[in-house]
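The block underneath contains the structure these notes are about, expressed in structure tokens.
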Amino acid sequence: MLNDLKQYAKDHNVPIICDDGLLFLKKTIKDYQIKSVLEIGTAIGYSAIFMALEGCHVTTFERNKTMIELAKKHIEPYQNQIELIAEDALLFDGNLGMFDMIFIDAAKAQYQKFFEKYTPYLKQGGIVVCDNLSFHHLDIQKVSRSTRQLIQKLERFKTYLETHPDYQTTFYDVGDGMSITKRVE
Ligand SMILES: C[S@@+](CC[C@H](N)C(=O)[O-])C[C@H]1O[C@@H](n2cnc3c(N)ncnc32)[C@H](O)[C@@H]1O
């Protein structure tokens, strides 16, 4: 099942978490005994299904209509464990529970907004995991203006995490750059 989704993503240029990223998630779920996850960025449901198979209950946001339809189909066998919220995470104003982990894997320019909006839903001792923080290790001098602006925005987000007095963040050179943020208790 997961291999079919991975192949679909490859064939249709859907960005999904890389294999190293999945291993990192697996270890993180185990190390922190994660049972409930809020994911921002479902795409076709690949990482959500992976986390469900690791025993988590996953609530996941997706705003793209095509992705929503595909994800609905794929997560159908896991409907007891995965709840898809087919809305823009930044516009959502419904009710949510509290989560052991928030996994941010959506529009890179909005990471700080996701972080600020959803960290109130972290349980005590909960963590925030971000993916794609290094943007493929691109050389900032050799990219388009818009890509440069995106890289600079991600750098500002990393500084925001590093200097935030209420949180402690560790960055990992896994895939395109991942991080784990914990609230300072
Ligand atoms: C990198 S993909 C997610 C990959 C997925 N987590 C996986 O590894 O299988 C990012 C997805 O986030 C969605 N997205 C971006 N911004 C969003 C937002 N504000 N609210 C909901 N979904 C968003 C995009 O439509 C896209 O499908």
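The values are calculated or read from the model by the stated rules, or taken from the named source; none is laboratory data. Nothing here was measured: the structure is a model prediction, and the numbers come from that model. Cβ atoms come from the backbone with ideal geometry, glycine included; neighbour counts cover every protein chain shown.
With respect to residue 173, determine if the residue is of a type in the set (Asp, Glu) and touching a Lys or Arg at 6+ places or on another chain (Cβ under 6 Å).
No.
Tell me yes or no: at least one residue of region 69-92 is touching a residue at least 12 places away in the same chain (Cβ under 8 Å), among the hydrophobic types (A, V, I, L, M, F, W, C), within 8 Å of the ligand (Cβ to nearest atom) and more than 19 Å from residue 115 (Cα to Cα).
No, the conditions are met nowhere in region 69-92.
Which of the residues belonging to region 129-167 are loosely packed, with under 11 Cβ neighbours inside 10 Å, under 21 Å from the mean Cα position of the chain (by Cα) and in a loop (DSSP other than H, G, I, E, B)?
166
Just to be sure before I move on: is residue 6 more than 21 Å from residue 133 (Cβ to Cβ), of a type in the set (Lys, Arg), touching a residue at least 12 places away in the same chain (Cβ under 8 Å) and within 12 Å of the ligand (Cβ to nearest atom) in the structure I sent?
yes
Among the numbered criteria (1) closer than 25 Å to residue 50 by Cβ; (2) in a helix (DSSP H, G or I), which one does residue 179 miss?
(2)
Residues of region 87-106 being more than 21 Å from residue 72 (Cβ to Cβ) and part of a strand (DSSP E or B), which ones?
99, 100, 101, 102, 104
Scan region 93-146 for residues that are more than 13 Å from residue 179 (Cβ to Cβ), away from the ligand (no atom under 13 Å from the Cβ) and among the polar types (S, T, N, Q) and report the count.
Residues that pass the stated criteria total 6.
Tally the residues that are farther than 24 Å from residue 169 by Cα and either touching a helix residue (DSSP H, G or I) at 6+ places or on another chain (Cβ under 7 Å) or of a type in the set (Ser, Thr, Tyr) (or both), restricting the search to region 15-49.
So the answer is 5.
Got at least one residue in region 123-133 being over 21 Å from residue 48 (Cα atoms), out of contact with any Phe, Trp or Tyr (no Cβ under 7 Å at 6 or more places or on another chain) and in contact (Cβ under 8 Å) with a residue 60 or more places away in the chain?
Yes, region 123-133 contains a residue that is over 21 Å from residue 48 (Cα atoms), out of contact with any Phe, Trp or Tyr (no Cβ under 7 Å at 6 or more places or on another chain) and in contact (Cβ under 8 Å) with a residue 60 or more places away in the chain.
Report those helices (runs of 4 or more DSSP H) wholly inside region 1-77 carrying at least 3 residues which are crowded, with 20+ Cβ neighbours inside 10 Å and at pLDDT 95 or above.
Once the helices (runs of 4 or more DSSP H) in region 1-77 are filtered for at least 3 residues that are crowded, with 20+ Cβ neighbours inside 10 Å and at pLDDT 95 or above, what remains is 19-31, 46-53, 65-75.
If residue 154 satisfies every condition in (1) touching a Ser or Thr at 6+ places or on another chain (Cβ under 7 Å); (2) within 16 Å of the ligand (Cβ to nearest atom); (3) among the hydrophobic types (A, V, I, L, M, F, W, C) but one, which is the exception?
(1)
Of the conditions (1) out of contact with any helix residue (DSSP H, G or I) (no Cβ under 6 Å at 6 or more places or on another chain); (2) more than 10 Å from the ligand (Cβ to nearest atom); (3) farther than 21 Å from residue 133 by Cα, residue 52 clears all except one; give me its number.
(1) is the only condition that residue 52 fails.
Looking for whichever is among the charged types (D, E, K, R) and surrounded by 23 or more Cβ atoms within 10 Å (Cβ to Cβ) here; the options are 100, 105, 88, 93. Which one fits?
When all the criteria are applied, what remains is 105.
Restricting to region 158-184, count the residues that are farther than 12 Å from residue 127 by Cα and in contact (Cβ under 8 Å) with a residue 60 or more places away in the chain.
Here the count works out to 5.
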